[in-house]
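The structure appears right after this line, and notes come after that.
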Amino acid sequence: MELNDYLLKIGKKIKKIRAERDLTQESFDDLSENSVPVRTLQEIEAGKSNFTIKTLFNISKKLKVKPKDLLDV
């Protein structure tokens, strides 16, 4: 699997879990220490961002899943 394909699959998984939990992209961009900017989340969900571990960690905290669960696609 190519990197771009992997990033796209991770992005789709994040988007699916976020939708299942009825969370908006905007709800990730708050003043908490686990904040993720809307634009960053949009790029990740579209498979266009090679994100950092910190961002993955913050997303997993917001979704209440383990980071490894987001990477297992």
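The values are calculated or read from the model by the stated rules, or taken from the named source; none is laboratory data. Remember, it's a predicted structure, so these values are computed and weren't measured experimentally. So basically every Cβ, Gly included, is an ideal-geometry build from the backbone, and we count neighbours across all protein chains shown.
Out of V38, V73, one residue alone is modelled with pLDDT under 95 and either of a type outside the set (S, T, N, Q) or farther than 15 Å from K13 by Cβ (or both). It is V73.
For every residue, the table says whether it meets (1) part of a loop (DSSP other than H, G, I, E, B); (2) surrounded by 15 or more Cβ atoms within 10 Å (Cβ to Cβ).
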| position | (1), (2) |
| --- | --- |
| D5 | no, no |
| L8 | no, yes |
| R18 | no, yes |
| S27 | no, no |
| R39 | no, no |
| G47 | yes, yes |
| L56 | no, yes |
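Evaluated against (1) loosely packed, with under 14 Cβ neighbours inside 10 Å; (2) within 24 Å of E2 (Cβ to Cβ); (3) in contact (Cβ under 8 Å) with a residue 24 or more places away in the chain, K64 falls short on exactly one condition, (2).
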